[in-house]
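Read-outs throughout are calculated quantities, based only on the coordinates presented, and are distinct from any laboratory measurement. Because the structure is predicted, anything quoted here is derived from the model rather than measured. Cβ: placed from backbone, ideal geometry, glycine included. Neighbour counts: every protein chain shown.
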């Protein structure tokens with residue numbers, strides 16, 4: 001109730017972060033590959049059609065890729081302290 005809220009300063013949304021945090025560690029690399037594939041597909045579609053919807057989807061895909069890789073890094077790399 002009296003917790004101080006911290007400002008979210010990541011380049012991806014909290015909604016994406018919450019979704020990614022529920023993915024098992026063993027599946028994160030598959031999700032990263034899928035996000036990268038979708039990102040490339042959206043960029044190709046944008047190059048052909050120049051419609052903003054493809055650019056928005058690419059941005060969401062990039063955020064998802066970043067969130068997945070950040071989560072994978074946090075789970076697998078041990079702190080150096």
Worksheet item: What number of residues in region 50-78 are more than 10 Å from the chain's Cα centre (by Cα) and within 10 Å of residue 12 (Cβ to Cβ)?
Response: 0
Item to complete: Mind listing whichever residues of region 18-44 are without any contact (Cβ under 8 Å) to a residue 12 or more places away in the chain and over 19 Å from residue 72 (Cα atoms)?
Response: 40, 41, 44
Item to complete: Consider residue 15 carefully, then state whether it is in a loop (DSSP other than H, G, I, E, B) and either touching a residue at least 40 places away in the same chain (Cβ under 8 Å) or surrounded by fewer than 18 Cβ atoms within 10 Å (Cβ to Cβ) (or both).
Response: no
